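S.K.: One structure, pasted below without further comment.
The values are calculated or read from the model by the stated rules, or taken from the named source; none is laboratory data. Remember, it's a predicted structure, so these values are computed and weren't measured experimentally. FYI the Cβ positions are ideal-geometry reconstructions off the backbone, even for glycines, and counts take in every protein chain you see.
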Amino acid sequence: MKGTAVLFQDDQTVTFLENVDRSVFEEIKKQCGCENCNCKIENKTVEFGSISPVFWCQDEVDWDYGY
């Protein structure tokens with residue numbers, strides 16, 4: 001199952017990961033509150049720093065409408 005993961009970072013930024021597997025979201029979710037959150041996407045390790053909280057949207061995000 002694919003969807004969009006929404007990550008809120010400590011520096012007040014928001015990261016949207018679109019079309020990612022639910023397993024990627026679950027891996028990131030386990031790391032909430034860690035200083036160095038990271039995951040593997042398309043065979044590359046991506047680092048996000050400190051994040052909290054994270055959300056999952058199973059359907060595609062309609063950016064024109066806002067969700």
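S.K.: Among the residues of the range 1-35, count how many are in a loop (DSSP other than H, G, I, E, B), of a type outside the set (S, T, N, Q) and within 12 Å of Ile51 (Cα to Cα).
M.R.: The total comes to 6.
S.K.: Is it fair to say Phe8 is of a type in the set (Phe, Trp, Tyr) and in contact with a Leu (Cβ under 9 Å, 6 or more places away or on another chain)?
M.R.: Considered against the rule, which asks whether it is of a type in the set (Phe, Trp, Tyr) and in contact with a Leu (Cβ under 9 Å, 6 or more places away or on another chain), Phe8 comes out as no.
S.K.: Identify, by number, the condition in (1) part of a strand (DSSP E or B); (2) modelled with pLDDT of 90 or more that Trp56 doesn't meet.
M.R.: If we test Trp56 against (1) part of a strand (DSSP E or B); (2) modelled with pLDDT of 90 or more, just (2) comes out false.
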